[in-house]
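Student: Take this structure first; my questions come after.
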Amino acid sequence: MDYNQLKTDTNARMEKTLDNIKADLAGLRAGRAHASLLDGIMIDAYGSMTPLNQVGTIGVPDARTLSVSVWDRSLLKSVEKALLESDLGLNPMNDGQTIRIPIPPLSEERRKELVKVAGKYAEQGKIAIRNIRRDAMDEVKKMKKDALISEDEEKRYNNDIQKWTDEAIKKADDLYAAKEKDIMQV
């Protein structure tokens, strides 16, 4: 492996980790309706577990309401049941064609819990980023051991890897800070 390949691989892995943090944080509700809130909901459709977004359309008619239009009306009860059983604390209302889901405002206590969960997601991401740094530095050590690079190059590569790591961790901290602000906003 040469330096350019190492740089590309390391940065791609760090970006993927940041994307995972973004996805995890997007799943946390901040008191406003957002279609991604229902991403993890699985429906018992035709004998198999199917993601909600594959059996209907999720809409956001206003800031405090979600709507689910199911393509096959026979699945309305399954969708309603799955929403009730989810740990999102939602109370769906079925009108026979569409399921409307009012998003209740969050209590102060629940907001603080969500901030802790967001912090946990960010910390897991930062651990993953540091593991990627370790892998990259091990690769540089191996390149030095195999006499593919000089000692000066080894130091420069390690400094570059640390710089990429610091940037990625700062981005993870920024994502967390933005989500914390979003959750705590009343």
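Nothing in this text is a laboratory measurement; each read-out follows from the coordinates by a stated rule. Treat the numbers as computed from the prediction; the structure is a model and nothing was measured. Cβ coordinates were reconstructed from backbone atoms using ideal geometry, including for glycine residues, and neighbour counts include every protein chain displayed.
Student: Principal axis extents for segment 131-186, Cα atoms only, whole Å, descending order, please.
Tutor: 59, 16, 8
Student: Next question. Of the options L106, Y176, L25, report the single residue whose Cα projects farthest towards the positive end of the charge dipole of the chain (beta-carbon charges: Lys, Arg +1; Asp, Glu -1).
Tutor: Of the listed residues, the answer is L106.
Student: Something else now. Which one, G47, N159, S36, is farthest towards the positive end of the dipole of the chain when Lys and Arg carry +1 and Asp and Glu -1 on their Cβ?
Tutor: Of the options given, the answer is S36.
Student: Normalised by the empirical 2.2 N^0.38 Å for globular proteins, what value does the Cα Rg of segment 35-102 take?
Tutor: Compactness ratio reported: 0.97.
Student: Shifting gears a bit: Per-residue ellipticity at 222 nm for the chain, helices alone: DSSP H runs ≥ 4 residues times -39500 (n - 2.57), over residue total, nearest 500 deg cm²/dmol? Show your work: numbers first, answer last.
Tutor: Values: 4 runs with 106 residues, N = 186.
My calculation for the chain gives -20500 deg cm²/dmol from helical runs alone.
Student: Still on this structure, please answer the following. Within straight cross-link reach of K141, meaning Cα distance under 28 Å, which lysines are found once same-chain residues fewer than 8 apart are removed?
Tutor: Counting by Cα, and skipping residues close in sequence, K141 has these lysines nearby: K7, K16, K126, K155, K163, K170, K171.
Student: Still on this structure, I have one more. Using all Cα-Cα distances in segment 117-163, what percent lands in each 5 angstrom bin from 0 up to the longest?
Tutor: 5, 22, 23, 17, 11, 8, 7, 4, 2, 0
Student: Starting from the Cα of S48, step 7 Å toward the Cβ, then list every residue of segment 55-96 with an amide N under 14 Å from that point.
Tutor: 55
Student: Let me ask something additional. Please report how far the C-alpha centroid of segment 115-186 lies from that of segment 58-79, rounded to the nearest whole angstrom.
Tutor: Distance between centres, Cα-based: 40 Å.
Student: Taking each pair of distinct Cα atoms in the chain once, what is the resulting Kirkwood hydrodynamic radius in Å?
Tutor: 19.3 Å
Student: Return one number: the angle in degrees, 0 to 90 and rounded to the nearest 10, between the long axis of the Cα atoms of helix 76-85 and the longest principal axis of the Cα atoms of the chain.
Tutor: Helix 76-85 and the main axis of the chain meet at about 60 degrees.
Student: Report the gain in length on full extension from A23 to E123: 0.36 nm times residue separation, minus Cα-Cα distance, nm rounded to one decimal. Before the final figure, lay out the partial values.
Tutor: Working: separation 100, 0.36 × 100 = 36.00 nm, distance 1.42 nm.
In short, 34.6 nm is gained.
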